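Beneath this line is the structure, given in structure tokens, with notes to follow.
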Amino acid sequence: MKTFLRLLAYLKTFRWFVLLAIFLGFFTIASNIGLLAFSGYLIAAAAIVPFMALLTIPIYIVRFTGVSRAVSRYVERLVSHNLTFRLLSQIRAWFYQRMEPLAPAQVQAYRSGDLLTNLVGDIEELQNIYLRIIAPIVVAILIIILTFYVFTIFHVALAWVALAFLVVAGVGIPALSSLLARGWGKQQLTTRAELNAQIVDGIQGLPELLIYGQAHEQSQKIHLLNRALGRVQRRMALITGMQQTLNEALMNLATWTILMLAIPLVLSKAVNGVYLAFLALFILASFEAVQPLGEAFQFLGHSLAAGERLFKVVDTRPQVVENVEPQALPNPDQGYTLTLDHVHFSYATEGKGEEDTEVLHDITLQLRPGQRIAIVGPSGAGKSTLVRLLLRFWDPTQGSISLNGQDTRKFALAELRTLLGVVAQDTHLFSDTIHNNLLLAKAAASPAEINQVLAQAQISEGLAQLPDGLDTWVGEQGLRLSGGEKQRIAIARTLLKDAPILVLDEATANLDPETEQGLLVALEKLMHERSTLVITHRLIAMERMDEILVLDQGHIVERGTHAELLQQDGLYRQMFDLQSTILDPA
């Protein structure tokens, strides 16, 4: 019930559309009832009424209801579908906006296929909340009330019998169907979500599946899930067919019963015989309102399951909470000093009943304007985690990160992130053109600015050789480009952002040595104007750093300049000697 009420709340914005659509739905079915019932009356009356003038009103009613049924049905469909599409559009935007603060800390707990199912399948399922649940139920109630009232005019016994049949058709049969389909609607959504997840995983990992000879096994998983989904869908279809059959049988039984009850009333002159066809056709047409209620009960289960899946995501508490009254960023004329003060951090392992292992332990450093600091260490030392903390994708579990002496948690997230230009080892390129991927950093960038950063990233010549140049489509995740090309485009995009603090997280890892050296020379010019944090395990150009911090298992084990660390004969010296041996075996 809580999920249903939460979904119902989204209709408040469109309440006048809802009321209009419900009225039109009621008017459409009422017009159809009027058309059939008064047609029956007109035929019966024409047989015994000698003057056609006495049939003028019934004739006009038949004409009016015949036309109004078609017109109101068209307008009702127009209004209700317009309402549904507006509602779905609003829910999609709301879901994405609620998911944004969860990224990346909480979103990474979900598979891509699950999120795709949420954004597409589950939200599409919610269109039934209005179209096939709320509107049909309200319209059915109004038609039942109308039918009961009209039949009481003739005889109260007829009214109660008609009411009983309509309630059984509208509540009893759907309840039976729901009992038979209990849990199947939720299982259908769950199976479909798992199928989508396996398909997305299989497509994304197809090269690895082919390399390791596991493509057939993945195909079998998808095949088994598809068969399971088919079994659930056939079960639901069987229940739907049974429900429709019972409705048809009940409708005919109701018509026959009303006739059997009305005939003695006609013979006793309690009811005028000319209304016999009117009553039979009235109850027959009234079933149009209650027949959709069986589907409404089924779709209710589907929609509630979809709603629960959506709310499970959006109700997740963000790892990082936005300050409700953020402070303005410090004056840029003063430059920006970034300070980490005794920072500790561990990734949450909720529900495992064990203490979290610290990824970072007692990290202290200060990056002053124009200063260059390198953080080096073996893989898994916690280097990249520092970048996530600086961007406030996570917050430290202990200690603080400050900007010009003010805790970064006091600033708006969007404003804080404008100060950092980050080039990561695995940079995401959107399935778009190179030009549009660059504009993510600065939407109003001029062609001259774009050409400048491309030249600094040493990719201008390579792009000039492409047939479409900057308009080249990079493909999903940039798969149409080489690793080096992707990395240089990512570097150009970061340079275009022109942030005062530059963070290079294994930025040159995918480049050949010659290009890497050339790019470091270009970056050297930019480092004079920016605070630069270089995170790497490759000890290249370390002599240009003002300070080097050596991380190992989350601890700073050494710090100093390149020359000082070589003299200490510690982990840094071991890494340097090892890399020197690999690069120059002689």
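Tabulated data for the structure shown
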{"quantity": "Single match in LEU281, LEU360 (criterion: modelled with pLDDT of 80 or more, hydrophobic (A, V, I, L, M, F, W, C) and assigned to a helix (DSSP H, G or I))", "calculated": "LEU281"}
{"quantity": "So LYS269, is it of a type outside the set (A, V, I, L, M, F, W, C) and within 30 Å of ILE48 (Cα to Cα)", "calculated": "yes"}
{"quantity": "Test for GLN425: is it in contact with a strand residue (DSSP E or B) (Cβ under 8 Å, 6 or more places away or on another chain) and closer than 19 Å to PRO513 by Cα", "calculated": "yes"}
{"quantity": "Failed criterion for LEU293 (all others in (1) surrounded by fewer than 14 Cβ atoms within 10 Å (Cβ to Cβ); (2) of a type in the set (A, V, I, L, M); (3) in contact (Cβ under 8 Å) with a residue 40 or more places away in the chain; (4) in a helix (DSSP H, G or I) hold)", "calculated": "(1)"}
{"quantity": "Residue tally, condition small (Gly, Ala, Ser) and at pLDDT 85 or above, over segment 222-237", "calculated": "2"}
{"quantity": "Extreme residue, modelled with the lowest pLDDT, among residues of segment 149-165 that are aromatic (Phe, Trp, Tyr) and crowded, with 18+ Cβ neighbours inside 10 Å", "calculated": "PHE154"}
{"quantity": "Qualifying residue in segment 198-221 (condition: in contact with a helix residue (DSSP H, G or I) (Cβ under 6 Å, 6 or more places away or on another chain) and either modelled with pLDDT under 80 or surrounded by fewer than 12 Cβ atoms within 10 Å (Cβ to Cβ) (or both))", "calculated": "yes"}
{"quantity": "Candidate set: segment 296-319, residues that are hydrophobic (A, V, I, L, M, F, W, C) and in contact with a Phe, Trp or Tyr (Cβ under 8 Å, 6 or more places away or on another chain); chosen: the one surrounded by the most Cβ atoms within 10 Å (Cβ to Cβ)", "calculated": "LEU310"}
{"quantity": "Test result for ARG15, part of a helix (DSSP H, G or I), of a type in the set (Lys, Arg) and closer than 21 Å to HIS302 by Cβ", "calculated": "no"}
{"quantity": "Enumeration of residues in segment 410-432 that are over 18 Å from PRO332 (Cα atoms) and either modelled with pLDDT of 90 or more or not small (Gly, Ala, Ser) (or both)", "calculated": "VAL422, VAL423, GLN425, ASP426, THR427, HIS428, LEU429, PHE430, ASP432"}
{"quantity": "Residue match in segment 153-160 (condition: among the small types (Gly, Ala, Ser) and within 18 Å of VAL290 (Cα to Cα))", "calculated": "yes"}
{"quantity": "Test: residue in segment 32-47 that is among the β-branched types (Val, Ile, Thr), assigned to a helix (DSSP H, G or I) and at pLDDT 90 or above", "calculated": "yes"}
{"quantity": "Complete set of residues in segment 1-54 that are farther than 30 Å from SER89 by Cα, surrounded by fewer than 16 Cβ atoms within 10 Å (Cβ to Cβ) and of a type outside the set (Phe, Trp, Tyr)", "calculated": "ILE43, ALA46, ALA47, ILE48, VAL49, PRO50, MET52, ALA53, LEU54"}
{"quantity": "Any hit, segment 327-347, residues being among the aromatic types (Phe, Trp, Tyr), at pLDDT below 85 and not in a strand (DSSP E or B)", "calculated": "yes"}
{"quantity": "Residue within segment 238-260 that is in a helix (DSSP H, G or I), of a type in the set (Gly, Ala, Ser), over 33 Å from the mean Cα position of the chain (by Cα) and surrounded by 15 or more Cβ atoms within 10 Å (Cβ to Cβ) present", "calculated": "yes"}
{"quantity": "Pair list, Cβ < 9 Å and 6+ apart or interchain, from segment 88-105 residues that are more than 14 Å from ASP122 (Cα to Cα) and in contact (Cβ under 8 Å) with a residue 60 or more places away in the chain to residues that are surrounded by 13 or more Cβ atoms within 10 Å (Cβ to Cβ) and of a type in the set (D, E, K, R)", "calculated": "PRO101/GLU322; PRO104/ARG388; ALA105/ARG388"}
{"quantity": "Inter-residue pairs, beta-carbon under 6 Å, first free of Cβ contacts under 8 Å to residues at least 60 places away in the same chain and in segment 551-580, second of a type in the set (Gly, Ala, Ser) and surrounded by 15 or more Cβ atoms within 10 Å (Cβ to Cβ), 6+ apart", "calculated": "GLU558/GLY570"}
{"quantity": "Count - residues of segment 261-306 that are closer than 18 Å to THR147 by Cα and of a type in the set (A, V, I, L, M)", "calculated": "14"}
{"quantity": "In segment 306-321, residue modelled with the highest pLDDT [restricted to those that are in contact with an Asp or Glu (Cβ under 8 Å, 6 or more places away or on another chain), of a type in the set (A, V, I, L, M) and not in a loop (DSSP other than H, G, I, E, B)]", "calculated": "LEU310"}
{"quantity": "Breaking point among (1) more than 30 Å from GLU295 (Cα to Cα); (2) of a type in the set (A, V, I, L, M, F, W, C); (3) more than 26 Å from the chain's Cα centre (by Cα), for LEU206", "calculated": "(3)"}
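The values are calculated or read from the model by the stated rules, or taken from the named source; none is laboratory data. Not measured: the values here are computed from a predicted model. Glycine gets a Cβ as well: all are built from the backbone with ideal geometry, and neighbour counts include every protein chain shown.
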